[in-house]
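Input: a single structure, listed below in structure tokens.
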Amino acid sequence: MTHDFEPQGHVVLDSSDISRALTRLAHEIIERTQGASNLTLMGIPTRGASLATRLGDKISAIQGSPVSVGAIDITMYRDDLRSRPARALLPTTIPPEGIEDRLVILVDDVLFSGRTIRAALDALSEHGRPQLVQLAVLVDRGHRELPIRADYVGKNLPTSRSEKIQVNLVEHDGIDEVRIERES
Amino acid sequence: MKHLLSAADLSYEDAILVLDTAKQLAAATEQGVGKLPPLRGRTVVNLFYEDSTRTRISFEAAAKRLSADVINFSAKGSSVSKGESLKDTALTLEAMGADAVVIRHNSSGAPHRLANAGWISGGVVNAGDGTHEHPTQALLDAFTLRNHLRNGEGDLKGVNVTIVGDVLHSRVARSNVLLLNTLGAKVRLVAPPTLLPYGVEDWDCEVSYDLDASLEGSDAVMMLRVQRERMNAAYFPNAHEYSNRYGLNVTRMNRLSESAVVMHPGPMNRGMEISADVADSQRSVIVEQVANGVSVRMAVLYLILGGSESM
């Protein structure tokens, strides 16, 4: 999202909020997975993949052992492929351990309709059969259209459908922040 | 992207998009995903008026890996051998609901006609027309070059490619000159004067008659097949002499720089334009070209058929 003049909307999470939320998510993941052994974080590109990397770094810093991190592109599994010209594909990286029989946590920036996660589950199943799949998101904004929920949520943000949630990350946007914008 | 008729239709951004898409699709194949879903419910027709094994199989494999339905239509043993025109065949395919037609034809310009005559509504991919163009071959060559010389990223700025042999009958050479220029590479054509097309001096490349003088400084040497089936006159005295002057043998290969690769679009005439030990050497990326062909054709089909139809 580029702002030509005055940025619309307002910041709901700043850089330190995001960092604290990710730290809490890391602790929750370790607690609920009993030490995070056998864990693989699979981020959904673009921003979900960066968040997965950050979460992986935090978990391995706490645990003192490396965490397996990958990325899974969902483009070809979307249910609205035909609604726009062909979209560019993004990289899928499967860690050397694979995902077979592992505890996989999908990571994304915003959970909205749930359709992206449905696509991610389909994409994931092409690469193996995890023992368990969970979902971690930085922001849950509600308005689900499928029976999907997140296991780990950084921040619940009640929104109206006409609003837009914009997650900016240093890796892509030069700044860490989450904004709510009114659709013009 | 609605059609792919000529390598000249591809802008720099288009070409990079095809190569980057092919890279992700190749990675999926490498990761063991044999089948991808984006073309489910789409029908691709392979309309082949000329003999071809690798290109047809390559397009068929590409379409099937993307879950498209594939109909193979070859002129031999079909209504075409009873005298059906391209137009009537096209109308038939349209009535059957073809979403894209991959066409190989012995007449230059047939894909263009098929795409623009209003006979069919789907996309058209040129899989080789006469002595004109073969854009997916150029794309797979660029993809192979990029993997070897540019670590699989970006363009081919500053890469020196030498294309050797029967340029006159080669649609591969024409498409390659166009695409390689778009991607920033420098192309030199090497051939006997009789095997250079009329007007080659207007192509965006250097032309030489001397292979030995062109080896040094080449990052890639692309050997073209001597297309005897298209030769209706004596273009060179005999095979032995051609091979002596324009064939790639080990002595010549050893004069190439350490990192240079040897390419051939296939099928090869071993012993003619390329010696068997060169074809089977470490520097030869010929088998890789075939594998890359499937990835690149998947990318083209995905970009033409993978989104909404109106563009």
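The values are calculated or read from the model by the stated rules, or taken from the named source; none is laboratory data. In this text, all values refer to a predicted model and were calculated from it rather than measured experimentally. Please note: Cβ atoms are built from the backbone with ideal geometry, for glycine as well, and neighbour counts cover all protein chains shown. With ligands, DNA and RNA removed, areas are computed over all heavy atoms of the protein, side chains included. Shrake-Rupley method; radii C 1.70, N 1.55, O 1.52, S 1.80 Å.
Could you list, in sequence order, the residues of segment B:258-311 that are within 14 Å of chain A (Cβ to nearest Cβ) and of a type outside the set (Ser, Thr, Tyr)? Of everything in segment B:258-311, those that are within 14 Å of chain A (Cβ to nearest Cβ) and of a type outside the set (Ser, Thr, Tyr) turn out to be B:296, B:298, B:299, B:300, B:301, B:303, B:304, B:305, B:306, B:307, B:309, B:311. Taking residues in segment A:74-86 that are at the interface with chain B (Cβ under 7 Å from one of its Cβ atoms), and partners anywhere that are of a type in the set (Asp, Glu), the pairs with Cβ atoms closer than 8 Å and at least 6 places apart or on different chains are A:77/A:122; A:82/B:309.
Checking each residue in segment A:118-133 for being in contact (Cβ under 8 Å) with a residue 60 or more places away in the chain and out of contact with any Ser or Thr (no Cβ under 8 Å at 6 or more places or on another chain) picks out A:120, A:124, A:131. Looking only at residues in segment A:87-96 that are of a type outside the set (Lys, Arg) and under 20 Å from the mean Cα position of the chain (by Cα), the one that is farthest from the other protein chains (Cβ to nearest Cβ) is A:95. Within segment A:107-160, can you find the residues that are touching a Phe, Trp or Tyr at 6+ places or on another chain (Cβ under 8 Å), under 18 Å from residue A:53 (Cα atoms) and open to solvent by 20 Å² or more (accessible area, probe 1.4 Å)? A:134 - this is the single residue of segment A:107-160 that is touching a Phe, Trp or Tyr at 6+ places or on another chain (Cβ under 8 Å), under 18 Å from residue A:53 (Cα atoms) and open to solvent by 20 Å² or more (accessible area, probe 1.4 Å). Contact annotation: residue pairs with Cβ atoms under 9 Å, 6 or more positions apart or on different chains, pairing a residue in segment B:102-125 that is surrounded by fewer than 18 Cβ atoms within 10 Å (Cβ to Cβ) and in a loop (DSSP other than H, G, I, E, B) with a partner that is hydroxyl-bearing (Ser, Thr, Tyr) and modelled with pLDDT under 95, are B:106/B:49; B:107/B:49; B:108/B:131.
Taking only segment B:26-57 into account, find how many residues are polar (S, T, N, Q), in a loop (DSSP other than H, G, I, E, B) and over 16 Å from the mean Cα position of the chain (by Cα).
Residues flagged as polar (S, T, N, Q), in a loop (DSSP other than H, G, I, E, B) and over 16 Å from the mean Cα position of the chain (by Cα) within segment B:26-57 amount to 1.
Counting only residues that are at the interface with another protein chain (Cβ under 10 Å from one of its Cβ atoms) and open to solvent by 30 Å² or more (accessible area, probe 1.4 Å), segment B:38-64 holds 2 of them. The strands (runs of 3 or more DSSP E) falling completely within segment A:81-184 that include 1 or more residues that are at pLDDT 95 or above and of a type in the set (S, T, N, Q) map to A:132-140, A:152-156, A:163-168. Considering (1) without any contact (Cβ under 8 Å) to a residue 40 or more places away in the chain; (2) in contact with a strand residue (DSSP E or B) (Cβ under 9 Å, 6 or more places away or on another chain); (3) within 14 Å of chain A (Cβ to nearest Cβ), the lone condition that residue B:67 does not fulfil carries the number (2).
All of B:242, B:246 fail the test of being farther than 21 Å from residue B:141 by Cα, crowded, with 19+ Cβ neighbours inside 10 Å and in contact with a Pro (Cβ under 9 Å, 6 or more places away or on another chain), apart from B:242. Being in contact (Cβ under 8 Å) with a residue 12 or more places away in the chain, out of contact with any strand residue (DSSP E or B) (no Cβ under 7 Å at 6 or more places or on another chain) and either of a type in the set (Lys, Arg) or within 30 Å of residue A:92 (Cβ to Cβ) (or both) holds for only one residue in B:91, B:36, and it is B:36.
Got at least one residue in segment A:59-73 being away from every other protein chain (no Cβ under 14 Å), open to solvent by less than 30 Å² (accessible area, probe 1.4 Å) and within 23 Å of residue A:142 (Cβ to Cβ)? Checked segment A:59-73: no residue is away from every other protein chain (no Cβ under 14 Å), open to solvent by less than 30 Å² (accessible area, probe 1.4 Å) and within 23 Å of residue A:142 (Cβ to Cβ).
Taken as a whole, segment A:16-33 holds no residue that is in a loop (DSSP other than H, G, I, E, B), of a type in the set (Gly, Ala, Ser) and in contact with a Leu (Cβ under 8 Å, 6 or more places away or on another chain).
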